[in-house]
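A.B. asks: I am attaching a structure below and will ask some questions about it afterwards.
The values are calculated or read from the model by the stated rules, or taken from the named source; none is laboratory data. Note that the structure is a prediction, hence the values are computed from the model and not measured. Cβ placement follows ideal geometry from the backbone for every residue including glycine, while neighbour counts extend to all protein chains displayed.
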Amino acid sequence: MKRAIIYYSFEGNTKEAAIRIGKLIGADLIEVKPVKDIPESGPSKILTGGGKALFGLAAKIYPVEEDLSKYDEFILGTPVWAGRCAPYLITLIKKNEDLRNKITGVFTLSGSGNNKSCLRQLKKRLPNLKNDISLVDRVERDAESYDRSITIFSSLYTALGGKADPD
Ligand SMILES: Cc1cc2nc3c(=O)[nH]c(=O)nc-3n(C[C@H](O)[C@H](O)[C@H](O)COP(=O)(O)O)c2cc1C
């Protein structure tokens, strides 16, 4: 079973979780890169990112370089933006039905801990989703529950087969 984690991360929290989960379940990491990212700071960061997430505007991405057809299963990782999934990942899954059908797990990262509407949005689009976790970013999180969530999420994949890499 060959697996990959496909993720987008603006400030590093989703990337950190992707690395942790990838090591536990032995999955490759594939980062989705936007053609134009949002401003790094200030009110326009939230306004632009929130607008893109809510209305799906200007969310172009660079083509993913990896050959996705070699994977049996994918896990998607996204920050919550304005209660939604990162718009760049929506661009990716909209275009690719095979990928959509092979996504079996998602992990979402938020500042508030309210990841519900983002998860609802993803559940509507991903017919074979069977595993999800809601995580809080590194500034806000309780380390113990963060670690526990990642372990429980990952254990489904290690139980189903796959090579774990504890280092
Ligand atoms: C444009 C933007 C919108 C955001 N909207 C929300 C939100 O609606 N709810 C929330 O809890 N956190 C929100 N956040 C916080 C992020 O979800 C959170 O910090 C997450 O861990 C970021 O992941 P990253 O470091 O991988 O980019 C927002 C952050 C940005 C940049």
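A.B. asks: Being outside any helix (DSSP H, G or I) and farther than 24 Å from ARG20 by Cβ is the filter here; which residues of region 92-104 pass it?
C.D. replies: ASN96
A.B. asks: Residue by residue through region 27-50, note down the ones that are small (Gly, Ala, Ser), in contact (Cβ under 8 Å) with a residue 24 or more places away in the chain and either near the ligand (Cβ under 9 Å from one of its atoms) or surrounded by fewer than 16 Cβ atoms within 10 Å (Cβ to Cβ) (or both).
C.D. replies: GLY49, GLY50, listed by residue number.
A.B. asks: Keeping to region 72-86, report how many residues are within 24 Å of ASN13 (Cβ to Cβ) and either modelled with pLDDT under 95 or away from the ligand (no atom under 16 Å from the Cβ) (or both).
C.D. replies: Summing the residues that are within 24 Å of ASN13 (Cβ to Cβ) and either modelled with pLDDT under 95 or away from the ligand (no atom under 16 Å from the Cβ) (or both) in region 72-86 gives 2.
A.B. asks: Only one of ILE61, ILE75 is farther than 28 Å from ALA143 by Cβ and in contact with a strand residue (DSSP E or B) (Cβ under 6 Å, 6 or more places away or on another chain); which?
C.D. replies: None of the other options fit; the residue is ILE61.
A.B. asks: While we're looking at this one, here's another question. Being near the ligand (Cβ under 9 Å from one of its atoms) and in a loop (DSSP other than H, G, I, E, B) is the filter here, so list the residues in region 125-140 that pass it.
C.D. replies: ASP137, ARG138, VAL139, GLU140
Let's see how each residue does on (1) free of Cβ contacts under 8 Å to residues at least 12 places away in the same chain; (2) touching a Lys or Arg at 6+ places or on another chain (Cβ under 7 Å); (3) closer than 22 Å to ARG125 by Cα:
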position	(1), (2), (3)
MET1	no, no, no
ALA4	no, no, yes
SER9	no, yes, yes
ASN13	no, yes, no
ARG20	no, no, no
PRO63	yes, no, yes
TYR71	no, yes, yes
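A.B. asks: Can you tell me which residue within region 51-72, out of those that are under 14 Å from LEU29 (Cβ atoms) and of a type in the set (D, E, K, R), is surrounded by the most Cβ atoms within 10 Å (Cβ to Cβ)?
C.D. replies: Ranking the qualifying residues of region 51-72, first place goes to GLU66.
A.B. asks: On to the next question. Would you call LEU89 within 14 Å of the ligand (Cβ to nearest atom), assigned to a helix (DSSP H, G or I), loosely packed, with under 15 Cβ neighbours inside 10 Å and in contact (Cβ under 8 Å) with a residue 12 or more places away in the chain?
C.D. replies: Here the answer is no, as LEU89 does not meet what is asked.
A.B. asks: So which residues in region 92-113 are away from the ligand (no atom under 14 Å from the Cβ) and among the small types (Gly, Ala, Ser)?
C.D. replies: GLY105
A.B. asks: Still on this model: Quick one: is SER112 loosely packed, with under 13 Cβ neighbours inside 10 Å, in contact (Cβ under 8 Å) with a residue 12 or more places away in the chain and not in a loop (DSSP other than H, G, I, E, B)?
C.D. replies: When the stated conditions are applied, SER112 does not pass them.
A.B. asks: Quick one: is LEU119 among the hydrophobic types (A, V, I, L, M, F, W, C), in a helix (DSSP H, G or I) and touching a Phe, Trp or Tyr at 6+ places or on another chain (Cβ under 9 Å)?
C.D. replies: The answer is no for LEU119.
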